[in-house]
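Chemist: One structure, pasted below without further comment.
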Ligand code: NAD
């Protein structure tokens, strides 16, 4: 299937590793010019070189902490300065801490909202005027299955991401007349450093090994295994494509059947 992505300019946030990296790789493979960001410059540059080497795509690494408004402005300026536009925006960031609700003070809540809601809002605000002028755009937010099936200890993640899903639904309606779609994808347990780190925290708390915790995750997944980052990236690339022009305002999980609800 030709996704019609050749020559498009994509900006993938938080993409030095994990899901963001897999998405950047997939979009580069589909012929996009891809800008990626993360806080650590060395790993970001190494990832950019790796993707460019494997796909022959142009990859622009721009160091950026997505919780810092000035750095977001600099990021978008750098991409527009290089390629004149952003056609595809993939919002992503690290995950907030997990743990008992009573352990989170105002600072923890503010930090989670900056990381998983306001960063995406600011990136949308920066790229939407250009997309509207050109009459074409794709925004995909990487959220979590926690917005469909909240779990214990995930208060920060669930609340911030539910806010982002609400924002996306509103933007989908506001910008559909301009050929712009806005969708959310929800990773279930997917094998990245984030999941290994969650498993480590749980293992320490419960006096178990990391392998036991990961096996416990797998036992909750009808597919019987954790997901691979590429499996989420394939959906993001489709939603970013010309083919997905009539799909907007959706929230789709990639979770091996983990989510139990009907919708
Ligand atoms: P990861 O830890 O493997 O990678 C996170 C990426 O984000 C890295 O490139 C890191 O450098 C970057 N990053 C972190 N904070 C940043 C910041 N402030 N500014 C810029 N870049 C930043 O995580 P992942 O598994 O790829 O997860 C991506 C997102 O998906 C996270 O929000 C995570 O909570 C969510 N998620 C992941 C899973 C999973 O199973 N992997 C499940 C549900 C939700």
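Quick note: the coordinates plus some simple rules give every number you see, no bench work behind them. All values derive from a computational prediction rather than experimental measurement. Don't worry about glycine lacking a Cβ; one is built from the backbone with ideal geometry, like all the others, and counts go over all protein chains shown.
Chemist: Compute the long axis of helix 193-206 from its Cα atoms, compare it with the longest principal axis of the Cα atoms of the chain, and write down the angle in degrees, 0 to 90, nearest 10.
Modeler: The angle comes out near 20 degrees.
Chemist: Rank by packing, highest mean first: peptides 74-80, 8-14, with packing defined as the count of other Cβ atoms within 10 Å averaged across residues.
Modeler: 8-14, 74-80
Chemist: If you average the sequence gap of Cα pairs under 8 Å that are 6 or more apart and divide by the length of the range 8-159, what percent do you get for the contact order? Walk me through the numbers before you get to the answer.
Modeler: Details: 257 pairs, mean separation 35.2, N = 152.
It rounds to 23 percent for the range 8-159.
Chemist: Quick check: the angle from helix 41-55's long axis to the longest principal axis of the chain, C-alpha only, nearest 10 degrees?
Modeler: Helix 41-55 sits at roughly 60 degrees to that axis.
Chemist: In addition: What distance in nm lies between label points placed 7 Å from Cα along the C-beta direction at residue 174 and residue 191?
Modeler: Distance between the two pseudo-spin positions: 4.0 nm.
Chemist: Counting only the backbone N, which residues of the range 11-50 are under 16 Å from the spot 7 Å out from the Cα of residue 70 toward its beta-carbon?
Modeler: Zone members listed by number: none at all.
Chemist: Moving on. Simple spin-label model, 7 Å along Cα-to-Cβ: residue 101 to residue 134 in nm?
Modeler: 4.4 nm
Chemist: Between the range 128-144 and the range 152-174, how many Å separate their Cα centres?
Modeler: Answer, in whole Å: 17.
Chemist: Please determine, in degrees from 0 to 90 and to the nearest 10, the orientation of helix 155-175 with respect to the longest principal axis defined by the Cα atoms of the chain, where the helix direction is its Cα long axis.
Modeler: For 155-175 against the chain, the angle is about 30 degrees.
Chemist: Hey, another quick one. Say R0 is 30 Å: what FRET efficiency, to the nearest 0.05, do residue 45 and residue 262 get from their beta-carbon distance?
Modeler: With a Förster radius of 30 Å, E is 0.10.
Chemist: Could you tell me the ratio Rg/Rh of the range 78-128? Both radii from Cα atoms, Rh via Kirkwood.
Modeler: Rg divided by Rh gives 1.15.
Chemist: What list do you get for 154, 104 if you sort them by fewest beta carbons within 10 Å?
Modeler: Least crowded to most crowded, the residues run 104, 154.
Chemist: What number, rounded to the nearest 500 deg cm²/dmol, is the helix-based mean residue ellipticity at 222 nm of the chain, given -39500 (n - 2.57) per DSSP H run of at least four residues and division by all its residues?
Modeler: Value at 222 nm, helices only, nearest 500: -15000 deg cm²/dmol.
Chemist: Calculate I(q)/I(0) for the range 1-138 by the Debye formula, one identical point scatterer on each C-alpha and no solvent, and give its log10 at q = 0.11, 0.12, 0.14 Å⁻¹ to two decimals.
Modeler: Log-scaled intensity ratios, in q order: -0.40, -0.47, -0.62.
Chemist: How do 17, 148 line up, fewest other C-beta atoms within 10 Å first?
Modeler: Details: 17 18, 148 22.
Fewest-to-most Cβ neighbours within 10 Å comes out as 17, 148.
Chemist: Could you rank the peptides 199-209, 181-191 by their average count of other C-beta atoms within 10 Å per residue, with the highest value first?
Modeler: Highest to lowest by the protection proxy: 181-191, 199-209.
Chemist: Further question: What do you get for Rg/Rh of the chain when both radii come from the Cα atoms and Rh is the Kirkwood radius?
Modeler: Result for the chain is an Rg/Rh of 0.95.
Chemist: Something else: Return the distance in nm (one decimal) between the two label points of a simple spin-label model at residue 52 and residue 245, each offset 7 Å from Cα along Cα→Cβ.
Modeler: Between residue 52 and residue 245, the simple spin-label model gives 3.3 nm.
Chemist: Turning to a different aspect of this structure: Quick one, what does Rg over Rh come out to for the range 190-263 if you take C-alpha atoms and the Kirkwood Rh?
Modeler: Looking at the range 190-263, the ratio lands at 1.08.
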